[in-house]
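No value in this document is a laboratory result; all are computed from the given coordinates. Bear in mind the structure is a predicted one, so any value in this text is a computation, not a measurement. Every residue, glycine as well, gets a Cβ built from its backbone with ideal geometry; the counts of neighbours run over all protein chains shown.
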Amino acid sequence: MMGAERPLVLSPEERRVTAYHEGGHALVALLVPGADPVHKVTIVPRGQALGATQIVPIDDRHNYPRTYLLARLAVGLGGRVAEELETGEITTGAENDLKESPLAFLAGAAAARCFQAEWSTHSACREGKRG
């Protein structure tokens, strides 16, 4: 469920930016191999959001392959990129994408692994082995 519709009057420019933002998420989800499918997209304000793209995983997963995690990151950042390409700027709506869902976790975990592999003095870490 996407939340209750809220009565909010958006300017035509805000609606346009929101449409590009949500469209960016949806387009990247459609084009990136391994990304979960889009279930719904709306630019009707609901809850605290001006718009939303609902992506529903195909199945329950307990282990996530690297390609899946990268696809999730790409979809999560697709709205920000679409805004910037169309308007030359990003809005605070894009900031929320970085905080929400597993995006922050995935980015932090990926950065931690890269940092560990790159800078570790332990040979097992450099070779990508688990110990």
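The table below gives the values:
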item: Rh by Kirkwood over Cα pairs, then Stokes-Einstein D for region 1-74 at 1.567 mPa s and 4 °C, µm²/s; result: 96 µm²/s
item: Listed peptides 20-30, 76-86, 44-54 by packing density, highest first (mean Cβ within 10 Å); result: 20-30, 76-86, 44-54
item: Extension gain (nm, one decimal) between Leu10 and Thr67, 0.36 nm per residue minus Cα-Cα; result: 16.8 nm
item: Stretchable slack from Asp60 to Leu85, in nm (0.36 nm times residue separation minus alpha-carbon distance); result: 5.6 nm
item: Karplus-derived 3J(HN,Hα), 6.51/-1.76/1.60, for each residue of region 65-82, Hz, glycine and proline x; result: x, 4, 4, 5, 5, 5, 5, 4, 4, 4, 5, x, 8, x, x, 4, 5, 4
